[in-house]
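Heads up, the thing below is written out as structure tokens.
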Amino acid sequence: MDAIKKDLAPNGGDYTYADYCKLNDDKRREIINGVIYLMSPGANMEHQIISVNLSREFSVYLKGKKCQVFTAPFDVRLPQEGETGATASNVIQPDILVVCDKSKLDKRGCFGSPDLIIEILSPATAKRDMIEKFNLYQEHGVLEYWIVDPVHQIIVRFSYDENLKEYKRPEYFSRDDIITPIIFPDLQINLTEVFPEIVEDYEDK
């Protein structure tokens, strides 16, 4: 597949995890419905702070429990019917994910739907996170999907309705709120301790 070598995002084509593994450069990519996307450059400071704070909350809570938390880069293969690990046409790297079924984990990452996925918005990936990934996670029955907006310091949470096979209406949480994951009703996360204080005097070097 010569087209897979082009530095275009997105590229057309029916790419698979096997194609993804043949790429021998340092660029991070994702595949959504067979289309390959270059990921954005290194996350900015606010993104990193939020990621570290949220992942720490889950890591501390999950110590000694069966569920595990992972952070990017960590490959998640979401197969369509009949696809294998090699032929999976969806390969994504969520910012944070929680997996409770250990049979979905292997040396390459996760094969199947995580229980919870968190994406932290950046200008380059916001559309993908809010549309393409929303549809993908809903299709594959990810139980909880959180979209974190660092600029407005808001978390939008979607929870999956098993009967309707779709996400319920979104719930919104601000920096002043406490969010409790639906899959972990005894975990309370104070978002004041997740979102950084807004500082205006940082300058690009």
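Descriptive notes on the structure:
- Positive-end residue, the chain charge dipole about Cα centroid, Cβ charges, pick of Asn135, Ser159, Tyr15: Tyr15
- The packing ranking, built from the mean of other Cβ atoms within 10 Å per residue, places the peptides 121-127, 94-100 in the order 94-100, 121-127, highest first.
- Largest GNM mean-square fluctuation among Ile131, Ile49, Ile179, using the chain with Cα springs under 10 Å: Ile131.
- For the chain, a crude dipole built from +1 on the beta carbon of Lys and Arg and -1 on the beta carbon of Asp and Glu, taken about the Cα centre, is about 720 debye to the nearest 20.
- Rounded tilt (10° steps) of 45-62 against the dominant C-alpha axis of the chain: 80
- Highest-MSF residue in the chain out of Asp115, Asp25, Asp106 [GNM, Cα springs under 10 Å]: Asp25
- Ranked by the mean number of other Cβ atoms within 10 Å per residue, highest first, peptides 82-90, 58-66 order as 82-90, 58-66.
- The dipole here belongs to the range 101-205: it is taken about the Cα centre, uses +1 on the Cβ of Lys and Arg and -1 on the Cβ of Asp and Glu, and is about 580 debye.
- Cα gyration tensor category, rounded, prolate or oblate, for the chain with a/c compared to 1.5: oblate
- For the range 123-171, the Kirkwood hydrodynamic radius comes to 11.2 Å, computed from all pairs of different C-alpha atoms.
- Within-12-Å neighbourhood charge of Arg77 [Cβ basis; K, R +1; D, E -1]: -2
- Working note: 222 nm ellipticity from helices only, DSSP H runs with n ≥ 4, each -39,500 (n - 2.57), summed and divided by the residues of the chain, gives -4500 deg cm²/dmol to the nearest 500.
- With a threshold of 30 Å on the Cα-Cα distance, the over-threshold entries among Lys27/Lys168; Lys104/Lys127; Lys104/Lys133; Lys27/Lys66; Lys102/Lys165; Lys27/Lys104 are Lys27/Lys168; Lys27/Lys66.
No value in this document is a laboratory result; all are computed from the given coordinates. Given the structure is predicted, the values throughout are model-derived calculations rather than measurements. Glycine also receives a Cβ, built like all others from the backbone with ideal geometry; neighbour counts cover every protein chain displayed.
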